[in-house]
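For reference, the structure is listed below as structure tokens.
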Amino acid sequence: MTTGDLPPGQRLAQGWPVSHYGPVPKFRPERWNLQVFGATASGEKYSWTFDEVAALPRVTIVTDMHCASGPSTTGHEFDGVPAATLLELAPPAPGVTHVMAWAEYGYSANLRLGDFTSERTLLAMHHNGEPLTVEHGFPLRLVVPHLYGYKGPKWLRAIEYMTADRRGFWEERGYHNIADPWKEQRHSYQEDAPWPVVG
């Protein structure tokens with residue numbers, strides 16, 4: 001959903017800037033899989049090949065994207081598998097409260113379960129009608145439209161179900177644990193700060 005409004009502190013960027021930590025991985029389809037592990041209801045690990053992920057039912061969303069460093073881009077059309085579909089295919093144990101999204105090279109981002117299961121959270125494979133470019137996360141990236149971009153890793157490889165929160169890569173390095181752009185939750189030092197009373 002695009003509103004035409006930007007969250008506070010954001011500025012409109014031209015195009016779709018490339019931003020990531022570390023090198024761009026090489027896609028090897030014969031070695032690639034998507035896994036779900038951790039506190040699954042069955043206690044087992046689940047795994048799908050690229051072709052199996054591509055065959056899952058897909059939806060399309062249109063959304064804006066916001067980087068915690070300030071740039072925002074608008075009108076992105078993503079096509080992919082709803083994140084909630086993974087919970088149907090690989091049910092979590094009753095006590096699961098959070099997930100860790102794991103990407104290539106050990107990159108990670110933690111999410112509350114409710115953020116992951118939002119109807120607009122997507123395991124995206126296409127952007128604006130074309131397969132994702134490698135620089136933007138091909139073959140699979142997590143898109144969490146209502147949070148800052150660092151909560152949606154490129155080159156997604158696994159989802160870990162967790163019964164307690166644990167910080168991911170950027171969260172361990174001073175970024176906010178929740179990352180709501182409309183509340184400007186950019187940095188971890190803000191987590192204990194009281195919100196001003198308006199009225």
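The values are calculated or read from the model by the stated rules, or taken from the named source; none is laboratory data. Computed from a predicted model, the values in this text were never measured in an experiment. With ideal geometry, Cβ positions are generated from the backbone for all residues, glycine too; neighbour counts draw on all protein chains shown.
Worth a mention:
- Lone unmet requirement of (1) in contact with a Gly (Cβ under 8 Å, 6 or more places away or on another chain); (2) farther than 15 Å from residue 108 by Cβ; (3) touching a residue at least 40 places away in the same chain (Cβ under 8 Å) for residue 188: (3)
- Residue list for region 87-110, filter: under 13 Å from residue 158 (Cβ atoms) and over 12 Å from the mean Cα position of the chain (by Cα): 90, 104, 105, 106
- Pairing residues of region 22-46 that are without any contact (Cβ under 8 Å) to a residue 12 or more places away in the chain with residues that are assigned to a strand (DSSP E or B), at Cβ distances under 8 Å and at least 6 apart in sequence or on separate chains, gives 45/35; 45/36; 45/37.
- Residue match in region 161-174 (condition: more than 27 Å from residue 77 (Cα to Cα), touching a residue at least 12 places away in the same chain (Cβ under 8 Å) and part of a strand (DSSP E or B)): yes
To keep it simple, each residue is scored yes or no on (1) in contact with a strand residue (DSSP E or B) (Cβ under 8 Å, 6 or more places away or on another chain); (2) more than 16 Å from residue 160 (Cβ to Cβ); (3) part of a loop (DSSP other than H, G, I, E, B).
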residue: 53; (1), (2), (3): yes, yes, no
residue: 96; (1), (2), (3): yes, no, yes
residue: 100; (1), (2), (3): yes, no, no
residue: 111; (1), (2), (3): yes, no, no
residue: 123; (1), (2), (3): yes, no, no
residue: 135; (1), (2), (3): no, yes, no
residue: 139; (1), (2), (3): yes, yes, yes
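Residues checked against (1) within 15 Å of the chain's Cα centre (by Cα); (2) under 24 Å from residue 6 (Cβ atoms):
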{"residue": "46", "(1), (2)": "no, no"}
{"residue": "74", "(1), (2)": "no, yes"}
{"residue": "85", "(1), (2)": "yes, no"}
{"residue": "112", "(1), (2)": "yes, yes"}
{"residue": "154", "(1), (2)": "yes, yes"}
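- Some residue of region 152-163 being at pLDDT 95 or above and either out of contact with any strand residue (DSSP E or B) (no Cβ under 8 Å at 6 or more places or on another chain) or polar (S, T, N, Q) (or both): yes
- Subset of region 80-108 (residues that are surrounded by 15 or more Cβ atoms within 10 Å (Cβ to Cβ), touching a helix residue (DSSP H, G or I) at 6+ places or on another chain (Cβ under 8 Å) and of a type outside the set (A, V, I, L, M, F, W, C)): 92, 98
- Scan of region 156-185 for residues that are under 14 Å from the mean Cα position of the chain (by Cα) and among the hydroxyl-bearing types (Ser, Thr, Tyr), ordered by number: none
- Residue within region 13-33 that is loosely packed, with under 13 Cβ neighbours inside 10 Å and modelled with pLDDT of 95 or more present: no
- For region 109-125, residues that are closer than 20 Å to residue 177 by Cβ and either in contact with a helix residue (DSSP H, G or I) (Cβ under 9 Å, 6 or more places away or on another chain) or among the basic types (Lys, Arg) (or both) total 10.
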